[in-house]
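Inspection log for the structure reproduced underneath, given as structure tokens.
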Amino acid sequence: MTGETVNPKAYPLADAQLTITIMDLVQQAANYKQLKKGANEATKTLNRGISEFVVMAADTEPLEILLHLPLLAEDKCSYFHY
């Protein structure tokens, strides 16, 4: 996301090395057919308690679509840490 204007609500952002690691994890999940895409799917898996890892994109428009996910994860998952 270099050179783009980032919504100030999208904080904290991953650094370059963490971004690469996250992309590797997402690729592995896609290869094993374990990847769910979209805010609705993320909400469903969080509510069901089966989410292990949720990636949110800072360039989502409107970003408000995703802003409930950290709160939901905090409520539903006892292992959620910042």
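The values are calculated or read from the model by the stated rules, or taken from the named source; none is laboratory data. These figures come from a predicted structure and were not determined experimentally. With ideal geometry, Cβ positions are generated from the backbone for all residues, glycine too; neighbour counts draw on all protein chains shown. Ligands, DNA and RNA are excluded from the accessible area calculation, which covers all protein heavy atoms including side chains. Shrake-Rupley method; radii C 1.70, N 1.55, O 1.52, S 1.80 Å.
General observations
- Residue count, segment 1-15 (criterion: surrounded by fewer than 10 Cβ atoms within 10 Å (Cβ to Cβ), under 16 Å from the mean Cα position of the chain (by Cα) and either polar (S, T, N, Q) or modelled with pLDDT of 85 or more (or both)): 2
- Contact map, segment 27-55: residues that are under 22 Å from Leu67 (Cβ atoms) paired with residues that are open to solvent by 80 Å² or more (accessible area, probe 1.4 Å) and acidic (Asp, Glu), Cβ distance under 9 Å, separation 6+ or inter-chain. Pairs shown: Thr45/Glu52; Leu46/Asp75.
- Scan of segment 28-52 for residues that are within 14 Å of the chain's Cα centre (by Cα), over 20 Å from Asp75 (Cβ atoms) and open to solvent by 90 Å² or more (accessible area, probe 1.4 Å), ordered by number: Lys37
- Scanning segment 10-46 for residues that are outside any helix (DSSP H, G or I) and either of a type in the set (A, V, I, L, M, F, W, C) or over 23 Å from Leu63 (Cβ atoms) (or both) yields a total of 7.
- Qualifying residue in segment 58-68 (condition: more than 14 Å from the chain's Cα centre (by Cα), free of Cβ contacts under 8 Å to residues at least 40 places away in the same chain and exposed (fewer than 13 other Cβ atoms within 10 Å of the Cβ)): yes
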